[in-house]
1. Determine which member of the set B:Phe194, B:Phe169, B:Phe189, B:Phe245 is buried (at least 19 other Cβ atoms within 10 Å of the Cβ), under 19 Å from B:Gly126 (Cβ atoms) and touching a residue at least 40 places away in the same chain (Cβ under 8 Å).
2. Of all residues in the stretch A:122-133, which are at the interface with chain B (Cβ under 7 Å from one of its Cβ atoms) and not hydroxyl-bearing (Ser, Thr, Tyr)?
3. Starting from residues that are surrounded by 17 or more Cβ atoms within 10 Å (Cβ to Cβ), within 14 Å of chain A (Cβ to nearest Cβ) and not hydrophobic (A, V, I, L, M, F, W, C), keep the ones in the stretch B:79-122 and report whichever is farthest from B:Met286 (Cα to Cα).
4. Residue under question is A:Val285, and the condition is that it be farther than 20 Å from A:Ala241 by Cβ, in the same structural domain as A:Phe225 (by TED's automatic domain parsing), surrounded by fewer than 23 Cβ atoms within 10 Å (Cβ to Cβ) and of a type in the set (Val, Ile, Thr); does it hold?
5. Just one of A:Phe267, A:Phe225, A:Phe235 is surrounded by fewer than 24 Cβ atoms within 10 Å (Cβ to Cβ), facing chain B (nearest Cβ under 10 Å), at pLDDT below 95 and more than 21 Å from the chain's Cα centre (by Cα); which is it?
6. Given the criterion among the aromatic types (Phe, Trp, Tyr), touching a Ser or Thr at 6+ places or on another chain (Cβ under 8 Å) and surrounded by 15 or more Cβ atoms within 10 Å (Cβ to Cβ), identify the matching residue among A:Trp300, A:Trp212.
7. Right, B:Phe301: facing chain A (nearest Cβ under 9 Å), more than 23 Å from B:Pro105 (Cβ to Cβ) and touching a residue at least 60 places away in the same chain (Cβ under 8 Å) or not?
8. Within 11 Å of another protein chain (Cβ to nearest Cβ), at positive phi, modelled with pLDDT under 95 and surrounded by 22 or more Cβ atoms within 10 Å (Cβ to Cβ): is that true of B:Gly218 in this structure?
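The values are calculated or read from the model by the stated rules, or taken from the named source; none is laboratory data. Computed from a predicted model, the values in this text were never measured in an experiment. Don't worry about glycine lacking a Cβ; one is built from the backbone with ideal geometry, like all the others, and counts go over all protein chains shown.
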Amino acid sequence: MASIRNPWSNLSRRRRHEAWVGLLFTLPWIISLFALTIYPILDTIYLSFTDYSILEAPKWVGLSNYQEIFLKDASIQPAVYNSLYYALLSVPIGLVLSLGLALLLNMRAAGIGVYRTIFYLPSLVPPVAATITFLVLFEPRAGVINSILKFFGLPGPAWFSDPAWSKPGMIILSLWGLGYMTLIFLAGLQDVPRSLLEAAEIDGANVWQRFWHVTIPMISNVILFNLVMNVIWSFQVFTQALVIGGTNGTPLESTLMVMVLIYRNAFRYFKMGYASALAFLTFIVIMIVTVIIFRTSDAWVFTDKD
Amino acid sequence: MLGFSLIKIDNRATSLDEIMATEQTSVKQITTELRSTPNRPSIRKRITSVLRHVVLISAVLIFLLPFYWMVISSLKENTMVFSNPVQWYPDPIRWRNFIEALDYPGFPFLKFLWNSTYYAGFVTIGTVISCSMAGYAFARLRYPGKNLFFSLTVASLMIPGIITFIPVFLFFKNLGWLGTYLPLIVPAFFGNAFFIFMMRQFFFGLPEELADAARVDGAGEIAIFFRIMLPLVKPALLVTAVFTFLWTWHEFFGPLIYLSNQDQYPLSLGLYAFRGRRITEWGLMMAGAVLTTLPLVILFFIAQRYFLEGIKLSGLKG
């Protein structure tokens, strides 16, 4: 009997039903988007102009938080330096090494699955456990790394006890987890058409030329993805820094990252307004860097125009 | 290590065009070339293959050293963790580290293990339910405002947590949720931009005819989703589940700011607290590190397929 009904009235009722179900299914997420993302962004900006200790209502103080950041706070300079040092070294080194590993893994041979698994395993280790393990490995006097260096006649630095070596130690720790990026690169490499590489080879292109002119352009979107995600993550590094250096960034503020400084101001000193100003400035820096990467990417990311 | 910079790519478009233009003639060349020199390339290939494996095996040894050291240190006496000379294997093996860590006064790792399981379990359930529903609606249902909400979802993928966490903390504090798992678990039931995006891609790949057939039979949209579409994206649900579980297990900052009672701590935070107070008990601390890591390694070997699938997808997203 259903076929007798007018199909048009049936459709509009269906469309209304569909719209209600669509809204119902997305409603929780829309609430979350406004309550936990959009409103907090605006509130962080507002709080950055206030003095707010949680106990009392926020008090408008104009630009004084920003004045304190730029003129007074002696911890700002080391925190900014440490975060830039960490991001500017760990991101490019991580990208180059993981791409190199992915290139080595990109072959049709037995045992690839085993390599792939082993390189990914460190990404499974929770950051706190990984950092504590590295504190043991890099222990200055009797740690295994310095023992190996000593065996080769090299002087081992004091790593996480030496302000000059604590950040290189943190970068090495970050490199232990590069398997995740490696596998993303590997997936990209496996999508490069073999016919292109073979054609280039026949035309006399050597290994480097094939790499530069075929492989790199074909995976440049994957490089862009890994670059952007890593920049965003590394500017916000927190757990590893807190486990190594605590809220003071020991030794000698050398592991004091911007995120640790924000945490310290918000949850140790309960200076929510000041922490918001720091968070907002960090956000601006991350956004500027991301926009610069995307803008310049037009020049080096190859997009298929078909 | 490898001497190249990532940015500079000269003449790439032209050379690609050239390559494609000459592809046709090249096929003839390769056949003649292969006939004329049958042995030379195979020897060269064998040498590069050996070199490749030598580099890879060295890398494997470097990557495995921290694991090996974590495990053997967890079986050493406290005083032997930093013995001089270095002890490459535990002697005597002290299994008691694990028994003591599981039930350590003030730092009960067994309790932490349960807390982590409970926390990651609920977040996983919430994320899978909310993201599959929202992802399906974004992919397949038509309703006013959809495009705007989806654009906001994509934009929010790029928003770092640093700009939101203070007001979010204050919001949950005003709800009286501090010291409970509610601020850590409830948001998962409201969705997550990354997995909504991923689920949407999966639902796009399904044939529309299935749903249309059900519509002709008079099935409602809710029934179509739960009875027909959801079972078809089981792999995507499992990818979402394993990664949510992994990332929640890793989560440190959230528990650090929301939880106050040590009995409530998940493993990562418990391990951090243990290091703060019992800094000399290295053997037990490493046993704690092993206990924190082991469940994820087991999960990985059970669900390896879904981990690898998920990694592939996250790269394609870019």
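1. Working: B:Phe194 fails: touching a residue at least 40 places away in the same chain (Cβ under 8 Å); B:Phe169 fails: under 19 Å from B:Gly126 (Cβ atoms); B:Phe189 fails: buried (at least 19 other Cβ atoms within 10 Å of the Cβ).
Just a single option satisfies the conditions, and that option is B:Phe245.
2. Of the residues in the stretch A:122-133, the ones at the interface with chain B (Cβ under 7 Å from one of its Cβ atoms) are A:122, A:124-129, A:132-133.
Within the stretch A:122-133, A:Pro122, A:Leu124, A:Val125, A:Pro126, A:Pro127, A:Val128, A:Ala129, A:Ile132 meet the criteria.
3. Taking the candidates together, the pick is B:Tyr119.
4. Values: farther than 20 Å from A:Ala241 by Cβ: no; in the same structural domain as A:Phe225 (by TED's automatic domain parsing): yes; surrounded by fewer than 23 Cβ atoms within 10 Å (Cβ to Cβ): yes; of a type in the set (Val, Ile, Thr): yes.
So A:Val285 does not fit the description; no.
5. On the way: A:Phe225 fails: more than 21 Å from the chain's Cα centre (by Cα); A:Phe235 fails: more than 21 Å from the chain's Cα centre (by Cα).
Step by step, each of A:Phe267, A:Phe225, A:Phe235 is checked, and only A:Phe267 is surrounded by fewer than 24 Cβ atoms within 10 Å (Cβ to Cβ), facing chain B (nearest Cβ under 10 Å), at pLDDT below 95 and more than 21 Å from the chain's Cα centre (by Cα).
6. Numbers: A:Trp212 fails: touching a Ser or Thr at 6+ places or on another chain (Cβ under 8 Å).
After ruling out the rest, the residue left standing is A:Trp300.
7. On the way: facing chain A (nearest Cβ under 9 Å): yes; more than 23 Å from B:Pro105 (Cβ to Cβ): yes; touching a residue at least 60 places away in the same chain (Cβ under 8 Å): no.
No; evaluated as a whole, the condition is false for this residue.
8. Details: within 11 Å of another protein chain (Cβ to nearest Cβ): yes; at positive phi: yes; modelled with pLDDT under 95: yes; surrounded by 22 or more Cβ atoms within 10 Å (Cβ to Cβ): no.
Here the answer is no, as B:Gly218 does not meet what is asked.
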